[in-house]
1. Filter the stretch 55-66 down to the residues that are open to solvent by 90 Å² or more (accessible area, probe 1.4 Å) and more than 18 Å from residue 3 (Cβ to Cβ) and list them by number.
2. Out of 16, 28, which single residue is open to solvent by 60 Å² or more (accessible area, probe 1.4 Å) and more than 17 Å from the chain's Cα centre (by Cα)?
3. Any idea which of (1) surrounded by fewer than 16 Cβ atoms within 10 Å (Cβ to Cβ); (2) at pLDDT below 85 is the one residue 51 doesn't satisfy?
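The values are calculated or read from the model by the stated rules, or taken from the named source; none is laboratory data. Quantities reported herein were computed from a predicted structural model and do not represent experimental measurements. Please note: Cβ atoms are built from the backbone with ideal geometry, for glycine as well, and neighbour counts cover all protein chains shown. Calculation scope for accessible area: heavy atoms of the full protein, side chains included, ligands and nucleic acids excluded. Shrake-Rupley method; radii C 1.70, N 1.55, O 1.52, S 1.80 Å.
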Amino acid sequence: MKNLIQQTQQAFYFSLGFYILAFILWVLNVSLAYILISMALLLSLVWILLVLREIMLSVKLTNTERIFLIIFIIFGNIIAGMAYFFFMREKVIGKPVKK
């Protein structure tokens, strides 16, 4: 199986760049910021899947270390997802029009 170390790092840096750009645009009150946050979350999902793959294929980790790393990675992403769905999603997709 091909080693994806470089792609994992690139996905992380792109995600981080999108988060930083979105935060700057959010501070400047530009509506594009919410779309960039959505894209950053999608890129986060990509690098998290790649990191989980690296953890599962690692031969240097014990099972306990592997489980704790997986839990840490997954819950970090869940917190970001909750922030998106509870605080930013309505801005991204727009509020439904009530008739």
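1. Start the filter on the stretch 55-66 by keeping residues that are open to solvent by 90 Å² or more (accessible area, probe 1.4 Å), which leaves 56-57, 59-60, 63.
Listed by number, the list holds a single entry, 63.
2. On the way: 16 fails: more than 17 Å from the chain's Cα centre (by Cα).
Answer to the selection: 28.
3. Failing condition for residue 51: (1).
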